[in-house]
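Structure record follows, encoded as structure tokens.
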Amino acid sequence: MLRLVATRLLTLLLLVWIVSIAVFALVLLIPGDPTSTLLGDNATPEQVATLRASMGLDDPLIVRYGDWLGGALGGDLGTSMLTSYPVTQAITDRIGITVSLVVLSLVVSVVVGLAIGVLAAVRQGGVFDRIALLGSSVGIAMPNFWLGLVLVTFLGAELGLFPTSGYVDLGADPAQWAAHLALPVVTLAAGGAAEIARQARASVVDTLQLDFVRTLHAKGLSPLSIVGKHALRTALIPVITVIGLQVSRLFGLSVLVEAVFALPGIGSLMVQSVFDRDIPMVQGTVLLATVVVVTVNLLVDLSYGWLNPKAALTS
Amino acid sequence: MTALVEKALPATPPESAWRAFRRRFGRQRLAVVMAGVLGVLVLIAVLAPWITPQDPNAQTLLDRLDAPGAEHWLGADDLGRDVASRLIVATRVTIYAGALATVVSMVIGLPFGLLAGYLRGWTDAVLSRIADALMAIPPLLFAMAIVAVLGRGVTNAMIAIGIVTAPRFFRMARGVALVIREETYIEAARSIGCPTSTIVRTHVLPNMASPLIVQVSITMGFAILFEAGLSFLGLGVQPPDASWGSMLQRSTQFAGEAPWLVLLPGLAILLTVLALNTVGDAVRDSVGRENRRLV
Amino acid sequence: MKAPVLEPVLDVRDLVVEVGTAHGPLVVVDGVSLAVAPGETLGLVGESGSGKTLTALAVMRLLGSSARIAGGQVLLEGTDLTTLGVKQMREVRGGRIGMVFQEPMTALDPAYTVGEQVAETVRRHRRVPRKQAWKRAVELLDRVGIPSPERRARDYPHHFSGGMRQRVVIAMALSCDPVVLLADEPTTALDVTVQEQILTLLAGLRDESGLALLFISHDLGVIADICDRVAVMYAGQVVETAPVHDLFAAPRHPYTDALLHCVPGAAGTRLATIPGTVPAFDALPPGCRFAPRCAHVAPGCDDGPVALEIVDPAHRARCVRLDELAEVAS
């Protein structure tokens with residue numbers, strides 16, 4: 001098990017390193033001089049030169065990458081090109097909202113997705129199964145931010161059941177915190193739940209056809225125990241992969257959900273930075289989001305060992 | 001013993017792979033309907049400039065937020081523009097965007113994937129790690145970052161999505177190349193001195209057809225969803241052009257008075273992506289068992 | 001020669017199993033009757049598709065959704081299992097009747113240790129504390145001949161060889177002291193030497209605890225090894241049933257006779273095969289189901305269903321020409 005963790009950690013570090021190169025390489029794609037976005041077209045050559053020097057643009061690329069990565073490792077992702085506000089600070093100010101949103105949505109989509117998928121599999125071919133299958137296809141094909149718009153329009157604005165925008169800190173007022181996150185979480189979780197339900201159904205159906213399930217019946221176990229204790233554990237292995245993919249997906253899509261519900265999280269920071277073409281801010285956000293995603297994926301990966309004792313040994 | 005007898009008996013004349021595929025696909029009625037839907041959408045996209053009932057960009061302020069009716073079949077938006085006409089031109093933009101992203105994705109992903117799967121060894125290790133890394137970045141954030149450097153606009157946004165989704169084609173092509181490499185007929189072709197390029201053209205590419213269709217339809221659906229998202233944020237299609245995503249952008253402010261502004265573009269996206277996914281799944285399910293492992 | 005003097009503990013009477021198809025139900029087990037007494041072993045032999053496994057699954061009522069019991073009785077110690085409620089039936093499975101399957105490699109849940117899986121059965125049928133169930137699981141593993149059972153109980157199925165896994169499955173089947181053990185081709189998937197060990201184990205366990213063993217196999221050699229009596233199945237029917245010695249010495253049904261000639265004998269003898277194939281269940285011959293392949297077929301064979309005729313008190317066969325053929329044979 002220890003060796004497994006060590007190899008996975010090494011893979012993760014390698015992955016993050018490649019991502020850091022990719023993210024850094026973004027600056028190479030900038031057409032023209034980045035200083036012109038800051039100083040406008042009327043800047044004097046002296047102004048440009050001073051700014052270039054202060055931004056380190058005159059150094060060779062490798063040196064600039066080294067500086068940036070070194071800073072990032074120490075928790076310093078540079079400063080905003082527009083406001084000189086530290087990127088790390090800007091992110092930590094807002095990450096709580098995004099993490100609450102993503103984690104809650106992940107929990108909801110896993111619970112709802114698994115419940116629907118397993119139930120559909122057990123009642124394979126029945127009415128519930130058909131509805132679930134159709135529903136999950138629709139859920140996967142639906143733009144999730146559009147669901148948010150529909151929810152805001154009909155549940156928020158029309159009926160006034162939920163606040164339609166903004167955020168209240170958990171510490172300040174837990175009830176309001178939950179109320180403000182309810183619709184965003186439903187919006188974000190729907191697509192994930194649909195994908196998990198689909199995979200869970202397929203996986204449980206396959207598992208229930210395995211030989212060992214017949215042995216379990218012959219032992220006199222109840223269907224509940226056969227599905228819940230045995231089949232689900234084996235069936236979860238491919239589902240876990242899908243859940244791992246959801247983390248990255250939810251993180252990305254939270255940008256849209258934050259925009260719909262005017263939540264001041266990482267997503268809105270990202271949108272603003274893209275409009276401002278504030279490259280250090282964009283780079284920092286992408287890098288940090290990726291680190292969070294791969295870390296969660298590592299945890300998901302390690303859960304394989306528990307689900308599938310065979311994998312823990314061989315890999 | 002019985003198995004041997006069955007094998008010895010001449011089976012029904014072998015059905016060609018393509019006919020078997022068509023028979024299996026035809027049995028999935030929903031998929032056939034959805035393939036029809038896709039056909040209609042493409043037709044609308046191609047004919048868009050000639051079939052709009054009104055000028056999609058003409059602003060008639062008197063018609064502002066008109067409900068669906070005789071004058072505007074599907075109502076009018078906050079600037080008094082005809083929603084039906086805008087949905088039609090948006091179909092063109094959306095299909096163009098989805099196709100562009102998919103082509104970019106293929107152009108990047110396929111050659112590297114074939115290379116990695118065919119050469120194996122170090123090339124494969126390095127390319128695969130890079131693909132893994134790119135897949136680890138939340139795709140929407142990555143696409144936004146690329147838009148940040150390239151600048152806003154539908155073409156840049158779609159190039160971004162093409163880059164972000166390229167690892168999917170990479171993985172698919174690599175998988176196909178890995179499997180086919182092991183086939184004996186490749187071995188035979190190589191042993192008689194066929195050059196690699198010929199082997200790839202005559203053996204590898206034909207075998208890739210069905211996994212490719214599956215991946216194209218899925219990626220296209222993915223790209224359309226992302227186009228909608230980016231345009232909704234204002235990073236994709238720029239006004240006065242319309243895509244379904246950009247039509248949603250301003251819709252919420254007027255949703256109370258004009259709910260069709262929220263519902264119609266979203267339903268259009270939903271239908272298109274559902275059609276793409278359904279057709280993709282049906283193609284996957286219709287591939288013969290002998291090629292199943294490739295898909 | 002052991003005669004069945006005791007009352008049968010498992011008594012299957014006129015069992016009919018139907019399988020649902022697109023063109024309506026199809027009878028695949030047709031009026032099968034079997035009886036096994038405590039300490040006795042009944043062999044059920046036939047080609048694949050003859051209905052052996054479905055008969056065993058019907059006894060356990062584990063036919064799944066596509067097949068169902070359409071008639072007959074399954075009496076276990078006098079209780080008809082076909083009329084039991086779902087819950088009571090679960091008490092029977094693993095409690096009064098144990099079952100061992102053909103494929104030991106896939107019969108165990110890969111996600112739990114073998115000890116956990118045996119203990120689970122114990123806890124399912126006897127409300128005992130976890131610790132006690134575990135202790136019993138270790139004892140059982142020891143009893144089925146797994147070396148250092150205490151350590152091995154903590155291993156997962158993939159750590160075991162096929163033969164060892166089959167021992168685990170047997171331990172599980174026997175964990176609650178059943179009165180009947182159904183063994184469905186328990187040695188088919190194993191190497192010959194391991195086969196022998198498992199047969200010896202099963203015979204030993206049967207003699208120790210006096211359970212009734214229904215042993216299903218297509219291998220007459222294995223049947224001869226372990227069984228007291230044999231029932232031969234063909235196309236869903238029992239065509240001959242007799243004490244094992246009588247069956248091998250004087251088979252009365254042409255199918256049994258043909259089967260015996262298919263067994264690899266002394267080196268150099270040519271292995272016979274039965275011409276033709278088993279008929280499909282939707283295209284059964286009107287009379288004797290074996291008639292199209294039978295070397296002794298005569299005009300009367302196709303007239304109508306053939307009954308199971310008494311040869312002697314312990315021997316029955318389903319053949320129209322029973323008496324004529326007996327004369328030919330002798």
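The values are calculated or read from the model by the stated rules, or taken from the named source; none is laboratory data. Quick caveat: nothing in here was measured; it's all calculated off a predicted structure. Reconstructed Cβ throughout: ideal geometry from the backbone, glycine too, with neighbour counts over all protein chains shown.
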Which of the residues belonging to region C:94-111 are at the interface with chain A (Cβ under 7 Å from one of its Cβ atoms) and closer than 24 Å to C:Met164 by Cβ? C:Gly94, C:Met99, C:Phe101, C:Glu103, C:Thr106, C:Ala107, C:Leu108, C:Asp109, C:Pro110, C:Ala111
Filter region B:233-245 down to the residues that are under 14 Å from B:Thr155 (Cβ atoms) and among the aliphatic types (A, V, I, L, M), then identify the one that is surrounded by the most Cβ atoms within 10 Å (Cβ to Cβ). B:Val237
Restricting attention to region A:63-72, does a residue exist that is in a helix (DSSP H, G or I), crowded, with 21+ Cβ neighbours inside 10 Å and within 14 Å of chain B (Cβ to nearest Cβ)? no
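Filter region C:55-108 down to residues that are within 27 Å of C:Pro157 (Cα to Cα), of a type in the set (A, V, I, L, M) and surrounded by 20 or more Cβ atoms within 10 Å (Cβ to Cβ), then give me how many there are.
Adding up the residues that qualify gives 9.
Every residue, every condition in (1) under 16 Å from B:Thr219 (Cα atoms); (2) facing another protein chain (nearest Cβ under 10 Å); (3) in contact (Cβ under 8 Å) with a residue 24 or more places away in the chain; (4) among the small types (Gly, Ala, Ser), yes or no:
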| position | (1), (2), (3), (4) |
| --- | --- |
| B:Ser85 | no, no, yes, yes |
| B:Ala90 | no, no, yes, yes |
| B:Leu100 | yes, no, yes, no |
| B:Val103 | yes, no, yes, no |
| B:Thr123 | no, no, no, no |
| B:Ala143 | yes, yes, yes, yes |
| B:Ala157 | yes, no, yes, yes |
Taking the residues in region A:205-217 that are among the hydrophobic types (A, V, I, L, M, F, W, C) and buried (at least 21 other Cβ atoms within 10 Å of the Cβ) as candidates, determine which candidate is farthest from the other protein chains (Cβ to nearest Cβ). A:Leu216
Mind telling me which of the residues B:Leu225, B:Leu271, B:Leu230, B:Leu248 ends up being within 11 Å of another protein chain (Cβ to nearest Cβ), in a helix (DSSP H, G or I), within 22 Å of the chain's Cα centre (by Cα) and surrounded by fewer than 17 Cβ atoms within 10 Å (Cβ to Cβ)? B:Leu271
Is one or more of the residues making up region A:212-234 out of contact with any Leu (no Cβ under 8 Å at 6 or more places or on another chain) and over 24 Å from C:Val86 (Cβ atoms)? no
Of the listed residues (A:Phe261, A:Phe212, A:Phe251), the one being within 30 Å of C:Leu57 (Cβ to Cβ) and among the aromatic types (Phe, Trp, Tyr) is A:Phe212
Before we move on, is A:Asp173 more than 14 Å from chain B (Cβ to nearest Cβ), among the charged types (D, E, K, R) and farther than 30 Å from C:Ile97 by Cα? yes
Residue list for region A:230-272, restricted to those being at the interface with another protein chain (Cβ under 7 Å from one of its Cβ atoms) and of a type in the set (S, T, N, Q): A:Thr234, A:Ser248
Which of the residues belonging to region A:218-229 are at the interface with chain C (Cβ under 10 Å from one of its Cβ atoms) and of a type in the set (Val, Ile, Thr)? A:Ile226
If B:Glu182 passes every condition in (1) surrounded by 24 or more Cβ atoms within 10 Å (Cβ to Cβ); (2) away from chain A (no Cβ under 14 Å) but one, which one does it miss? (1)
(1) in a loop (DSSP other than H, G, I, E, B); (2) exposed (fewer than 12 other Cβ atoms within 10 Å of the Cβ); (3) modelled with pLDDT of 75 or more: which one isn't true of A:Leu77, the others all being true? (2)
Listed residues A:Val102, A:Val152; which is aliphatic (A, V, I, L, M), in a helix (DSSP H, G or I), at pLDDT 90 or above and farther than 16 Å from A:Arg198 by Cα? A:Val102
Cβ contacts < 8 Å: first residue over 30 Å from C:Asp257 (Cα atoms) and at the interface with chain A (Cβ under 10 Å from one of its Cβ atoms), restricted to region C:45-70; second residue charged (D, E, K, R) and outside any strand (DSSP E or B), any location; separation 6+ or different chain. Result? C:Leu62/A:Arg214
Looking at (1) without any contact (Cβ under 8 Å) to a residue 40 or more places away in the chain; (2) within 27 Å of C:His158 (Cα to Cα); (3) surrounded by fewer than 20 Cβ atoms within 10 Å (Cβ to Cβ); (4) touching a helix residue (DSSP H, G or I) at 6+ places or on another chain (Cβ under 9 Å), which is the only condition A:Gln272 fails? (2)
Answer from A:Ala120, A:Ala132 - the residue that is more than 14 Å from chain B (Cβ to nearest Cβ), surrounded by 15 or more Cβ atoms within 10 Å (Cβ to Cβ), among the small types (Gly, Ala, Ser) and farther than 24 Å from A:Leu183 by Cα: A:Ala120
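Among the residues of region B:127-137, are any more than 10 Å from chain A (Cβ to nearest Cβ), surrounded by fewer than 24 Cβ atoms within 10 Å (Cβ to Cβ) and at pLDDT 85 or above?
We begin by selecting, within region B:127-137, every residue more than 10 Å from chain A (Cβ to nearest Cβ); these are B:127-128.
Right, trim to surrounded by fewer than 24 Cβ atoms within 10 Å (Cβ to Cβ) and you get B:127-128.
Then drop every residue that is not at pLDDT 85 or above, which leaves B:127-128.
Yes; the residues of region B:127-137 include at least one that is more than 10 Å from chain A (Cβ to nearest Cβ), surrounded by fewer than 24 Cβ atoms within 10 Å (Cβ to Cβ) and at pLDDT 85 or above.
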Per the filter on region A:263-293, residues under 21 Å from A:Val108 (Cα atoms) and of a type in the set (A, V, I, L, M, F, W, C) are A:Leu263, A:Ile266, A:Ala289, A:Val292, A:Val293
Starting from region A:150-163, keep only residues that are more than 8 Å from chain B (Cβ to nearest Cβ) and within 20 Å of B:Leu261 (Cβ to Cβ), then list their pairs with residues that are at pLDDT 70 or above and in a helix (DSSP H, G or I) whose Cβ atoms are within a distance under 7 Å, requiring at least 6 positions of separation or different chains. A:Leu151/A:Leu183; A:Leu151/A:Val186; A:Leu151/A:Thr187; A:Leu155/A:Leu183; A:Gly156/A:Leu183
